Structures are given as C-alpha cells and as structure tokens.
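Visitor: What follows is a single structure, and I will ask about it in a moment.
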C-alpha cells in the first residue's frame, strides 16, 4: 500500500480524551475513529490488525475442533425471558422495539440463542458432543464507556459454546478451550495467565479468566510468581489426547482475580505472591444444565431417557485484544506490533520521493516484496524524513527498509527492527532474500 | 470435515414457510435458521458460502483500489439529522434509545457516517481521490420480511463510497465500481446485467442496478436480448486505464428496471426486447455533493477555495447473493454450487462406513485432499447409501467421490459432477492427481 494513497490519518498531538496509552496510540496512528461514546469505526490500519487477531482466534478454535457459525446481532426478547435473564441483565442490555412493537435486543452474549439452535436441531446423544462458535459484534450499554476499544459498547467477541452428555465430557470441552486460549494468546506474543474467576451473570461453578498483566489493567489480580515464567505451549497440541495434565499444571499454582482472591491462601505464598493489575482478554465458563434445563433443550440419552446437555461458554474479546496488545507492546514513539498481528509485515521508506534512483530502488523492493505475498507499506509521500520516521514508528510496522540517496549511491539500504531499534546497512538483494526468499 | 461430527442439520421435508426455492433449499440444507422474522443464524454450511461470496467481493474491491475499513452497526441519530434523512427514512429504520436516552439507530446504510469520517480527516484536495468500503451487517425493518435471506431484516452488505474533487473524477470512480461489479458477479458464475435504475432515498442522478435474471425475482426488468450474450470480463482489467469504453459497451443497449422503463424507447427494440424478472444483487449511485454539502464536508481545492467532494456509493447484497446464487443454480435434488462459492470443494462418500477397506480408501483420499488445501466434506456416517446421495446432492458439493465395497475390490472409485450429473469410474490415484496434483 502506498502511503500517498492510503487513508491513514495519523495525528501529531495526543488527543485529550484518551486516558490510557492504547487509546491514545490507536487514535494517533489513525486506527479508529469514535462515532459515539464507546462506538468506533475501524479505519484501514486498525481493521488490518483486528482481522489478523480474528484470524488467529479462528484458526485456534478450528484446530481445537470448534465449528464456526454466525448468529445475528439482533435477538428476540422471548429467548431471554425463557432463561429468566431478560430482566436480570439490567440497563447494560440495549433494548429495542421493532416496527411491530416486538421487544428485541442487541445481543450482549449468545447462550440463549445457541441453546435454541441446538434445541431445534439436536435430538439425540449421538449428535453430541458439539463445540460451536461465532465471531460477531456484541453490544453492552456500559454506563461509562472508556479506554477506547478496551471498554467500548459495540465490540467484537468470539464466543464458543459446548454441549455434552456428561459432566466428564463437558470437562473435556472446557479443557480444549483452556488449551486453545493459551495457544491463541501465545501466538500473539502475549502471556495470558488463567486465573480462577467469578462467574457473574453467566452462572456456573467453574470459570477462568485469561489475564494479561498491564499497569493500566482494570482488574487487580494475584498470582504465584512462577506462573509468569511458564513456557507458552507449542504448536503440537493433540486435542484428541487427555489435556488434563496441561490444565492441571497451569491451575496448580495460585492465580486469582480480585473477586476470587483468598487472602489466607495467598499469605502462604510469602514473597512468591505477585499483586498486579491485569486486562481480561478471555473468559471461560462451565455452567452445567443452567440453560439447557431452563430452555428445555433435552436430547435422548443412550437408554432412551431425556437428558439436558451439560454446557459451557468461552469468550475472547477480539476488539479488546487490539487495545491489550498495544498496552503490552509500545514505547514512547508508538506501537511495536508483534509480527503475527502487525498491520503490515514491512515498510519501505523512501527518504527522497521523486528522486529517480531512490524511486527505482523502492519500487523494486515494494514490487518484489508484494509479489512474495508480504503486506508492505510504502512510504512514498513528499514529506520530510523526520515525519516519515515518526509516522512509521508510531504505526509500528515491525521492519523498516530505509532507502536514501546517500545509501543508494553506495548500493545499500538500511534495515531497522522496530522492536529492538537495531539498524543494519545491507543490500536490496539481501533484504529480498531475507523476506521474500 | 467429517459429517459424523459436523453440525449439518438437513431436513427431508420441505419447510412450509418457504415460498421460493432458495429459501426452501437453504433451510433443507441446514444453511440457516430463522431466529425472528427476517433475522437468521448462518449455520456452519451456510457460513462457508457466505464467507466465500464475501471474499470474492473483497478481492475485487481491493483490486479496484478500494480501501477497506469497518464502521459500527449502531449510529447516532444526529448524523442523520444533519443530512435530513432521519425523518425521511421512515419505519424501515430501526430506531433505538440507549440508557442515557440518546437517539441511536441500527445503520441501514452509511453515507452519513463515512462523510463524517472524511470530514474529520480529509482537508485537502491532495488527499483525494478516496474510495473506501466496508462489509458490515445492516438492518432494515421491512414491513413484510420474506424469501429468507433475499429480503431479510438483518443482512450483510458491502458498501463503498467515493470522494472526488470533480465530476470527471467521480465518473472514474463510478466506472471502477461498475467494472468491479461485472467482475465480482462473473467470478460467482452469475450473469448480472447493469440496468438504468431509480436512485430512491440515496439520491443522485446516475444509477445502475445489477440484476440477475430469475423467475422468482422481485423486480420486473426489460433489456435488449443481445446484452444477455455479452462475454464476462477477463481478469486482466487495468483499473488505472480508461474504463469508459467498457461501461459504454454495457450501457449502449437498452436495459432498465421497472421504474426506469421507457415504453416508447423499448418499443423500438421489437423482438429484441426481453421482459423478465430479476433479482437485484448490486446497486451503484453517483449523487454529487448531496451529502458533502449537507454535512459541510469540504476540502481545500488547488486554488485555496473550499470545495465539496463529489460522491458516489456502491452496494452489494452479500447475504442476499447467497440466495440469488441458489435461485440461479439448483435442480429438483438440491443446490448446484459454482466451484468458486461452494462450501466444500469436494466430498468423499463412504458407502459402507465401518468396512475396513472402504474406510482405508476414504481416509486416504480425505487426508490427502485436505493436505493439498482442499475443503473436503467426508460422508462417514452410518446411514443408507440413498440418504448419503440425497444429502450430498441437496447441499450441492461440486464433486462427489463415491467409494463403495464393489469398486474398492476392483480398485476403482466413482467421480460424479454435481452440475452435469456425469459419473466416471476412476482410481483414487487419478482423483488425487486431478484435485491435489
């Protein structure tokens, strides 16, 4: 993408409304624009990151055997009356009347709707287990939306739902999602710690939040120091194997959110106790037959009797993760994207756009890197080098290939890593061999 | 995907509520489930098709130089008050009050919101032209939702918006979208005819609907017989070239929707006049400064004066296209997907699941086709062959590889084309060489 044509409205000044660094940098890097309180448009650069995050989430759900469907945003109130949650949910639920005066709502979550779908189509234990998910925009009418996409009103969530015949089978599904979540966050370069958590309005008696540590986190969290050093999981997970040992390892050390914190138990940890702030990026629940029973979604069991499936639900805040990633990866100059979620893989910076030789070297690099399948941002604007460097550091592309008139005369370009700041002089050919070889 | 594990709730009987074939087949093939009038969940098979259609739409927008962003579903009423459309839009607009009693709405289209974004960030003629699009769920509170996803209330639309300094530049943008639309529908195997159309509530004085002919179409359309024979466009379109000759060719013959039909002019066609029914799958508009002026979205022109950009908007009904495709491609046994949008590329049908030899041949085919990157549906259920054939014809996978005990003994499998119905005996190796070679 040529910056001269790209819709990338970066800001030089810090916007006054942004209280935390991710919100500030998303506005400054031209990633989002607020349209109402807590409701954002994702501009082209922001959307690229959102889609990369979404893709990783999807791939790991698919790998764990979860099947994707897509439920609508607008739900009928009747569904929520069946589960008794219509009144419970309070003012956070965006309630709507359609032209025929039917009560509708913008879904904040989908336990009811997925249970209705399963009730309609799954009648026998032979059709279980089922693990289903969707990635859809949700709405929660927060009293005080803040922190940009971290606590917005309209947000993109991945939510999965498991249906099993027995408690033991439901635990297998829970463990699959537990492990898939560890893998998902690890692929984004994040260390997300599973912590015992409260179940809130979802219900149930087993729940973990996945928390990344960040000073600006909204939750206070407590954990054993050693869990922060745990290795991330490799890619060789066999989801048909027994995953309990992995779950046991991650849950054997103390880790709890504020609501679940047990001071007596934590006191035993002594110096090993870490008290920090964290950002919730995922939340998994086992809640048994709460919804299948309330909504009469039974199946015929092996002995012909009627059985209510055991259920769980599993959420990842996809749009919130974009903010969480920036909280984790930034410096005073801007964002430092991990390569797996970067909006562009590399940038070609032409320090003298219009100069025949610089243009030729840049055009060649840009064309060949594109051909090799890389997403490349080409800084071809007629701007001062200082502006070009500042904008590129701000938007945080992992690799910058800097082409200037002096280097071109000597046959060299400069390759800069955004993360380490290291620069090396090299040749165009070496750059191409490295990234497009 | 193994059918024994797949959530694919096919129906044997025709659902009584479906009046047209696409609605009937989408329900029978387990593609969708209605949650409220005109609001559907996309079950796994349906979502696969929706995503393939969406991907083709996206690729052709990108190829035409259109940049993707993503606007939210919920919009503030103030935006629509600025353009004077808030009251005009009537009961089709889903109006919402949030917890702070602010007037919001579920966007039926995005002219206002994109104009606000451009107003905020684009100040100079140097930042034009801009061609922006998003693919997002929209809501129109239809009085009588019907025909499944063809006239639903919540629907997925691709909408693009162009901003240009002059009328001539705006026509260049219009032509790019005109040609991109021809390409988009052609890639799905559809013959979509651009027809002079009314502009309706969008406004403006130049507009074309893209119509596919189908007996169940909601619109009456009229066109010159020869336009139906026009070749589809190749992939070698150069969007930086002058596209006017292509547009002229497609618009030189008579083609008009009901509202724009001119009986006098049409009478001149004599026998060449076709009067048919059609389904609108795309609609493009040029409307000048209607929104930029009403919303005061001006830029500084080359001479320092203030200029209102010339605008156009360009829509494709992504979810509606899935229904339109079925209207165009089906027979009495079910859907016949064109390969470009098929939910699976091929199916392996095991006629005797549990038989060691049949299982071995099928497992080998399934594994290797998957490895080669194909999407394969593996019919491994314990069902009668008749049920397996009927379900596979119903869901319409383009290629069926049938493995039965007699064939396996002779080292052959049967390859069946869903479209032609032709069957040929061949070997597993030949099938692999053909699809995974």
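The values are calculated or read from the model by the stated rules, or taken from the named source; none is laboratory data. Keep in mind it's a predicted model, so treat the numbers as computed, not measured. We place every Cβ from the backbone using ideal geometry, glycine too, and count neighbours over all the protein chains shown.
Visitor: Would you confirm, using the coordinates I've provided, whether residue A:131 is buried (at least 19 other Cβ atoms within 10 Å of the Cβ) and within 12 Å of chain B (Cβ to nearest Cβ)?
Guide: Criteria met by residue A:131.
Visitor: Moving to a separate point now. So which residues in the stretch B:18-46 are more than 22 Å from residue B:345 (Cβ to Cβ), part of a loop (DSSP other than H, G, I, E, B) and out of contact with any strand residue (DSSP E or B) (no Cβ under 8 Å at 6 or more places or on another chain), if there are any at all?
Guide: Passing the criteria: B:18, B:20, B:37.
Visitor: Moving on. Could you tell me how many of the residues in the stretch A:90-104 are in a strand (DSSP E or B), facing chain B (nearest Cβ under 9 Å) and more than 17 Å from residue B:89 (Cβ to Cβ)?
Guide: 3
Visitor: Which of the residues spanning the stretch B:66-87 are touching a helix residue (DSSP H, G or I) at 6+ places or on another chain (Cβ under 7 Å), within 12 Å of chain A (Cβ to nearest Cβ) and not in a helix (DSSP H, G or I)?
Guide: Once the filter is applied, which keeps residues that are touching a helix residue (DSSP H, G or I) at 6+ places or on another chain (Cβ under 7 Å), within 12 Å of chain A (Cβ to nearest Cβ) and not in a helix (DSSP H, G or I), the stretch B:66-87 yields B:67, B:68, B:69, B:70, B:71, B:75.
Visitor: Oh, and also: Residue A:115: in a helix (DSSP H, G or I) and touching a residue at least 24 places away in the same chain (Cβ under 8 Å), yes or no?
Guide: Judged against the criteria, residue A:115 is a match.
Visitor: Among the residues of the stretch B:313-328, are any assigned to a loop (DSSP other than H, G, I, E, B) and either without any contact (Cβ under 8 Å) to a residue 12 or more places away in the chain or surrounded by fewer than 23 Cβ atoms within 10 Å (Cβ to Cβ) (or both)?
Guide: no
Visitor: Tell me, which residue of the stretch A:134-162 that is at the interface with another protein chain (Cβ under 9 Å from one of its Cβ atoms) and more than 21 Å from residue A:37 (Cβ to Cβ) is surrounded by the fewest Cβ atoms within 10 Å (Cβ to Cβ)?
Guide: The extreme case among them is A:136.
Visitor: In the stretch A:47-64, what count of residues is obtained for those that are within 8 Å of chain B (Cβ to nearest Cβ) and in contact (Cβ under 8 Å) with a residue 24 or more places away in the chain?
Guide: Adding up the residues that qualify gives 1.
Visitor: Let me ask something else about it. Which count do you get for residues in the stretch B:287-299 that are surrounded by fewer than 24 Cβ atoms within 10 Å (Cβ to Cβ) and outside any loop (DSSP other than H, G, I, E, B)?
Guide: Total meeting the criteria: 7.
Visitor: Quick one: would you say residue A:47 is under 20 Å from residue B:130 (Cα atoms) and under 13 Å from the mean Cα position of the chain (by Cα)?
Guide: Yes, satisfied.
Visitor: Within the stretch A:387-398, does at least one residue satisfy the condition of being more than 25 Å from residue A:340 (Cα to Cα) and assigned to a helix (DSSP H, G or I)?
Guide: Checked against the condition, which is being more than 25 Å from residue A:340 (Cα to Cα) and assigned to a helix (DSSP H, G or I), the stretch A:387-398 yields at least one hit.
Visitor: Here is a list of conditions, (1) over 23 Å from the mean Cα position of the chain (by Cα); (2) assigned by TED's automatic domain parsing to the domain that holds residue B:119; (3) buried (at least 20 other Cβ atoms within 10 Å of the Cβ), and residue B:379 meets all of them except one; can you say which number that is?
Guide: (2)
Visitor: Which one of these does residue A:174 not meet: (1) within 10 Å of chain B (Cβ to nearest Cβ); (2) over 20 Å from residue A:324 (Cβ atoms)?
Guide: Exception for residue A:174: condition (1).
Visitor: Somewhere in the stretch B:207-217, is a residue surrounded by fewer than 19 Cβ atoms within 10 Å (Cβ to Cβ) and either touching a residue at least 24 places away in the same chain (Cβ under 8 Å) or over 28 Å from residue B:76 (Cα atoms) (or both)?
Guide: Yes, that holds for at least one residue.
Visitor: Which one of these does residue A:364 not meet: (1) crowded, with 16+ Cβ neighbours inside 10 Å; (2) not in a loop (DSSP other than H, G, I, E, B)?
Guide: (1)
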